[in-house]
Amino acid sequence: MSVTLNRIGLPRDAYKGAATTLCAGCGHNSITNHMIKALYELGVEPHRLAKMSGIGCSSKTPAYFVETAHGFNGVHGRMPALTTGAHLANRELLMLGVSGDGDTASIGLGQFMHMIRRNIDCTYIIEDNGTYGLTKGQFSATADLGSVQKKGAVNTFQPIDPCAVALTLGCSFVARSFSGDGKQVVPLIKAALAHRGTAIIDIISPCVTFNDHDGSTKSYSWVKDHEESIADVSFIPFFEEVQVDYEPGTIRDVELHDGSHILLKKLGEDHDPSDRRAAMRVIEEGRAAGHLVTGLLYLDTEMKDFATTEHIPVRPLKDLGEAELRMSKEQFAHFMSEFA
Amino acid sequence: MTQDIINDLTIQAATVNGSGSQTANLVLTRAIFHMGIPVAPKNVFPSNIEGLPTWYQLRVTPEGHMARSDKVDILIAFNVATWHQDLKTVRPGGVVIHEEAFSTAAAPTDVNYYPVPFSKLAKSKIQNDTLRKQLANMIYVGVVAGLLGIPWEALEHGVKRQFLSKPKAVQVNLDAIKVGFDYWQDNFSKKDAYRLEPMTGAVEGKVLVEGNQAAALGALMGGVTVVAWYPITPSSSVCENLIAYSERFRVDPATGARLISVVQAEDELAAVGMAIGAGWAGARSMTSTSGPGISLMAEFAGLGYYAEVPVVIFDIQRIGPSTGLPTRTSQADIGFAYTLSHGDTKHIVLLPGTVEECYELGRDAFDYADRFQTPVFVLSDLDLGMNLWMTPEFKYPDKPFDRGKVLSKADLDRLAGEWGRYADVDGDGITYRTLPGTDHPAAGYFTRGSGHDEHARYTENADAYARNMDRLTRKLETARHELPAPILDESSKSSIGLIAFGSTHAAVLEARGTLAAAGRPVDYLRLRALPLSDEVTAFVSRHEKVYVVEQNRDGQVYDLIRLALPAELVGRLRSIRHYNGQPIPAVAISDPLLQMEAVPV
């Protein structure tokens, strides 16, 4: 039996991780598989990947893919800070953060927002199920107004929409998807990894144990019935040629930083992903109509990421030694004399 | 006329915050220092941008005492709001230079008054409208120069030095000083005993440095490359200085690339988180904060300890609890910082006692963090950090970075990939780590703040948990023997010992003279790190009584030492505490000590 290898000669199994300890049927497990597929097909070198997370069910998942890569399961809501620091220490790392709705929209909302503001080069995946799974079913801040808890309690608060928040902050890559929609999630993850800047993907990921019942707007059946994709997404990596036959005017083709392309095929109303206000309108109109709008909502390939703005060299700061980091003896002596 | 008092006096300038008085005070300080006379300035300022009272104390002694004095010889009264209160601080025979308009109706009669019409002089003699308010302060520099006999050449030096980056400002400031100097010459004859005379042999080779400048230089020379911080008094100037130094020494002139990344974070949680993320990825990283920030960093400090990530945390202490007195000094974070975070957490704490040590320990902290793979706290304070201190020039580092136990690709090849992130192969509790980006299939591991075994795998196994915690104890025990040892001075051959640390050092040096003169000489151990060195117990065992002096209410280090001592030695300890936010003066040590020794003060 022959094993198919990717462009760097690794089999798909090289991108697997430890066995999941999440519930059977958890949306997060699907996302893990989408990630494995995306990383394998992109041919990401495992040693260049840094898997970052906070605390919660979602944050456990970096253990379940690319076992040979470094990972950091930090503290609750603080993944953005750890990711920022690690990225600045070594710009050669491909930063992939996995967070949840509690991690992102409650305890870590501040860090989420400030990371976007800085446009730190990383992929930030929110595995969004509207509930606190590990602590057994409390509402999270992304739960929709009026959605019902398993035991009947009704959410009386307005939800925080991570995509809307990201858009208002000028996030350079904003997408939403559904864990059950691998056809959409995989190219979005690839595009996010190719993008230089903070790429947010809010993936609705049903919690089969605590939030998959009638009255929940984060259940499999609700999302299946209400998902409205704004465009078919496909991704052409930089190492492949763009060869698509399409009618003129039906496809948008955006080139990413590394030479990859994201192709968006119009489904209904044409959405221009470079129009931030249009992205906000699409979200708002979808909400008003009771739909979950998915797809690439916004993309700005011109915005400079933090490290570029700050003139941080691509050569990792962690590798610099005394010769580069210490002033010379002569400089030091002169510097001291300035204090006389 | 009484005998002249030469080069031994304390000037206190009582002014209004935000009025530019600090520049005048620094010019005066630099001018006197330029005469070869040791200076010890203390800036007592409010948590305020403009309008509240502020005081600047400039102590001058031929011996070079660096501690604050609680006696004022020369008061410069520039602030009507504190005028009556300020008068009470002047010792009999002292001098009061004051705004002529201030009422002297109820003023004491045993001091010498020199009323000066500062406002009128500023209006009539200073032509520069925009700078008049600031330059008015310079007038008192001129009056003091006249009073004490500071040569014009020293004043010129002081102004030029103060305005190194603004040479255009030199002349207008000198002109303002001249106004005061002339007013003194034209209107007063000397009634008091205070004089300054040029000295030799006391300040040669010495410079004036703030502890936060020294710490920033230490960090720079220690090789920091990722800095994340959130502004807070009194630590902000650590990172501000570091940014300034980096602009000079860390920008590649060829490419413009910055060989350091500084992030002003959204809060202290993010600041320390970024520093820990960078430390994990292999950069030398730091944050700098003060008490309230330390409180916020507690969660991440525990992660750093348990996941074993190097990071350096500067804590420039101020008075708490809570917001406390944000611009007053303290040593009250030490107990908290030592065990910062929940669970059984314990940290390495470095305790610089001089600005030179702010530089040296600030630099070496990065070696300790890498070597022991753990957060290292550098505990300075507002007094040390924000005041200028006379110090010998710092020494260029004589050793390369110690990056600790890091396995490279070649190491992993040699080990055939067999290694465990938390496996104690050397028996010293310090394990090997790999850095993200290491191109070897066995390099990767999963770092977590949850329970883990020797191979960094998640576990809730009871034995694995206890084994790991015991190893962490062993690691800190290794560190304890390698951290900066206490500095001992047992030349007094006394049965009484004194233990102190940090900025208390200056007051101890002076108090030891007082105590010796009073017939109670004391030996001295200056602590420089936690966990406690074995030298502490040995020192206590060699002395019948040991006084622990510190600037906090509860005797936090006194308690730590008591816990470390064998039961039979515990009774030898006494505690002396100073905690009003003012830098500790020598009398705050010598008076209570002599009282406890039943020696009449």
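Computed from the coordinates by the stated procedures, all read-outs in this text should not be read as laboratory data. None of the values given here were measured: they were computed from a predicted structure. Please note: Cβ atoms are built from the backbone with ideal geometry, for glycine as well, and neighbour counts cover all protein chains shown.
The modelled label-to-label distance for the pair A:Arg12/A:Asp214, using points 7 Å beyond Cα in the direction of Cβ, is 3.8 nm. Against chain B, whose longest principal axis is taken from its Cα atoms, helix B:21-34 shows a tilt of about 90°. Each of B:Ser290, B:Ser236 has some number of other Cβ atoms within 10 Å of its Cβ, and from fewest to most they run B:Ser236, B:Ser290.
Within the range B:535-601, the proportion of C-alpha pairs whose separation exceeds 17 Å stands at 45%.
Geometric descriptor of the range A:209-251, per residue, is 127 Å³ (volume of the convex hull of the Cα atoms). Modelled spin-label separation between A:Ala323 and B:Asp591, with each label point placed 7 Å from Cα along the Cα-to-Cβ direction: 5.9 nm. Considering all C-alpha pairs of the range B:437-498, those separated by over 13 Å amount to 75%. Take A:Asp225, A:Asp212, A:Asp101 and order them by how many other Cβ atoms sit within 10 Å, fewest up front. Ascending number of Cβ neighbours within 10 Å: A:Asp225, A:Asp212, A:Asp101. Taken over the range A:79-234, the percentage of Cα pairs per 5 Å bin, counting from 0 up to the bin with the maximum distance, is 2, 10, 19, 21, 19, 14, 10, 4, 1, 0.
Using only the Cα atoms of the range B:27-133, build the gyration tensor, take square roots of its eigenvalues as a ≥ b ≥ c, and label the shape rounded, prolate or oblate: rounded if a/c is under 1.5, else prolate if a/b is larger than b/c, else oblate. All intermediate terms of the calculation are to be shown ahead of the outcome.
Working: a/c = 1.56, a/b = 1.19, b/c = 1.31.
The shape class here is oblate.
Write out the trypsin sites (Lys or Arg not before Pro) in the range B:35-73 meeting two conditions: DSSP loop, and at most 16 other Cβ atoms within 10 Å of their Cβ. Provide the component values of the computation, followed by the final result.
Values: sites: B:Lys42, B:Arg59, B:Arg68, B:Lys71; in loops: B:Lys71.
Filter output for the range B:35-73: B:Lys71.
Percent of C-alpha pairs per 10 Å bin in chain B, short distances first: 3, 16, 24, 23, 17, 10, 4, 2, 0. Once the Cα atoms are used to define both axes, helix B:152-162 deviates from the longest principal axis of chain B by about 30 degrees.
The alpha-carbon atoms of the range A:1-126, seen along their principal axes, cover 50, 35, 17 angstrom, with the largest extent given first. From the largest down, chain A spans 74, 49, 49 angstrom on the principal axes of its Cα atoms. With the convex hull drawn over the C-alpha atoms of the protein assembly as shown, the volume per residue is 210 Å³.
So, counting K/R as plus one and D/E as minus one, what does the shell of residues with Cβ under 12 Å around A:Arg287 add up to?
Values: positive: A:Arg176, A:Arg281; negative: A:Asp144, A:Asp161, A:Glu228, A:Glu284, A:Glu285.
Combined, the nearby Lys, Arg, Asp and Glu give -3.
Rounded to the nearest 20, the size of the Cβ-charge dipole of chain B about its Cα centre is 1080 debye, with Lys and Arg at +1 and Asp and Glu at -1. Can you give me the C-alpha center-to-center distance between the range B:106-167 and the range B:418-475, rounded to a whole angstrom? So the two Cα centres are separated by 64 Å. Under 1.5 on a/c is rounded, so check that first for the range B:487-596, then, if it is not, pick prolate when a/b is larger than b/c and oblate when it is not; a ≥ b ≥ c are the square roots of the alpha carbon gyration tensor eigenvalues. Because a/c hits 1.5 or more and a/b fails to exceed b/c, the range B:487-596 counts as oblate.
Averaged over the residues of A:320-330, the number of partner chain Cβ atoms lying within 10 Å of the residue Cβ comes to 5. Placing a label point 7 Å from the Cα of A:His334 along the Cα-to-Cβ line, the residues of the range B:214-253 whose backbone N sits under 17 Å from it are B:245-253. Relative to the longest principal axis of the Cα atoms of chain B, helix B:462-482 runs at roughly 40 degrees. Within chain A, the selection of entire DSSP H helices by a Cα span of 20 Å or greater along the long axis and an average Kyte-Doolittle value of at least -0.5 returns A:27-42.
Distance from the C-alpha centroid of the range B:333-356 to that of the range A:169-187: 44 Å, rounded to the whole angstrom. Ordering B:Asp129, A:Asp202, A:Asp270 by the number of other Cβ atoms within 10 Å of each residue's own Cβ, fewest first, gives B:Asp129, A:Asp270, A:Asp202. Each part gets one Cα centre, and for the range A:78-156 versus the range A:283-298 those centres are 20 Å apart.
Looking at the range A:162-270, the GluC sites (Glu not before Pro) that sit in a DSSP loop and have at most 16 other Cβ atoms within 10 Å of their own Cβ are A:Glu240, A:Glu241, A:Glu269. Ordering B:Ala105, A:His87, A:Ile203 by the projection of their Cα atoms onto the charge dipole of the protein assembly as shown, which places +1 on the Cβ of Lys and Arg and -1 on the Cβ of Asp and Glu, puts B:Ala105 at the extreme positive end.
Might you report the magnitude of the Cβ-based charge dipole of the range B:93-192 about its Cα centre, with Lys and Arg at +1 and Asp and Glu at -1, to the nearest 20 debye? Let's see the in-between values first.
Values: 12 positive and 10 negative charges, 85 e Å.
Charge dipole, the range B:93-192, about its Cα centre: 400 debye, nearest 20.
Quick one: length gained pulling B:Lys409 to B:Val425 fully straight, 0.36 nm per residue minus the C-alpha distance? Intermediate results must be reported in sequence, preceding the final value.
Working: separation 16, 0.36 × 16 = 5.76 nm, distance 1.84 nm.
Gain on extension, B:Lys409 to B:Val425, equals 3.9 nm.
List the chymotrypsin sites (Phe, Trp or Tyr not before Pro) within the range B:285-364 that fall in a DSSP loop (any state other than H, G, I, E or B) and whose Cβ has at most 10 other Cβ atoms within 10 Å.
Numbers: sites: B:Phe300, B:Tyr305, B:Tyr306, B:Phe314, B:Phe336, B:Tyr338, B:Tyr359; in loops: none.
Of the chymotrypsin sites (Phe, Trp or Tyr not before Pro), not one in the loops of the range B:285-364 has a Cβ with at most 10 other Cβ atoms within 10 Å.
Take each residue of peptide B:388-400, count the partner chain Cβ atoms within 10 Å of its Cβ, and average: the result is 3.
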